[in-house]
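All remarks here apply to the structure that follows.
The values are calculated or read from the model by the stated rules, or taken from the named source; none is laboratory data. Since we're looking at a predicted model, the values are computed, not measured. Cβ placement follows ideal geometry from the backbone for every residue including glycine, while neighbour counts extend to all protein chains displayed. Surface accessibility is based on the protein's heavy atoms, side chains included, excluding ligands, DNA and RNA. Shrake-Rupley method; radii C 1.70, N 1.55, O 1.52, S 1.80 Å.
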Amino acid sequence: MKKETGKILVKYLINFGIAALITVAVFAIHGFFTDDLANNILVLADGFSISGLLLVLFAGMIFVTSKGALIGISFIVRNAVLALFVPMGRARQELYKDYRERKIKDVKKFADFSMLIIGLVYLVVGIVFNVIWYTNFYSIPG
């Protein structure tokens, strides 16, 4: 196995493990082992949907950050901390133009889709369990 392939596999395994931990945590919170099959399928749907959605949203946040969309917020927070908590911090403040140019040089290109792919797989599994629950167990009252 090549070194690059091993690194990619490790990234996928880490993301899979994180998603599995979130899913198990949701199972534990909802109480998975019940006698009711409908409740078990609903808990499966919740567990996989929540973990998949969290991973997809986190991958989106990393993507947005990699494009430099949050540089303005970090500039404001940095200057507020310098002005309020650091003695003589105002002397180290810089213009937004200079700060943005410096940060744009440091921005890494978003090339890791492992979190997005694992999140989408978990989300699709959660949607499948939701469809199973709605087609077999959901009844409209009345």
Residue in the range 88-95 that is in contact with a helix residue (DSSP H, G or I) (Cβ under 7 Å, 6 or more places away or on another chain), assigned to a helix (DSSP H, G or I) and either touching a residue at least 24 places away in the same chain (Cβ under 8 Å) or surrounded by 15 or more Cβ atoms within 10 Å (Cβ to Cβ) (or both) present: yes
Single match in S66, S49 (criterion: at pLDDT below 90 and either exposed (fewer than 13 other Cβ atoms within 10 Å of the Cβ) or within 29 Å of A111 (Cα to Cα) (or both)): S66
Scan of the range 96-142 for residues that are in contact (Cβ under 8 Å) with a residue 60 or more places away in the chain and either over 26 Å from M61 (Cβ atoms) or in contact with a Leu (Cβ under 7 Å, 6 or more places away or on another chain) (or both), ordered by number: M115, I118, G119, Y122, L123, F129, I132, W133, N136, F137
Any hit, the range 121-139, residues being closer than 28 Å to N40 by Cβ, part of a loop (DSSP other than H, G, I, E, B) and open to solvent by 100 Å² or more (accessible area, probe 1.4 Å): yes
Test for V121: is it of a type outside the set (D, E, K, R) and over 24 Å from K7 (Cβ atoms): no
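Please go through the range 1-31 and pick out each residue that is part of a loop (DSSP other than H, G, I, E, B) and open to solvent by 40 Å² or more (accessible area, probe 1.4 Å).
Hits for the range 1-31 are M1, K2.
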Count of residues meeting criterion [of a type in the set (A, V, I, L, M, F, W, C) and either within 29 Å of A20 (Cβ to Cβ) or surrounded by 14 or more Cβ atoms within 10 Å (Cβ to Cβ) (or both)] in the range 71-87: 3
Tabulated pairs, the range 25-46, first acidic (D, E), second open to solvent by 40 Å² or more (accessible area, probe 1.4 Å) and in a helix (DSSP H, G or I), C-beta under 6 angstrom, 6+ apart or interchain: none
Conditions (1) among the β-branched types (V, I, T); (2) within 30 Å of T5 (Cα to Cα); (3) outside any helix (DSSP H, G or I); number of the one not met by I104: (3)
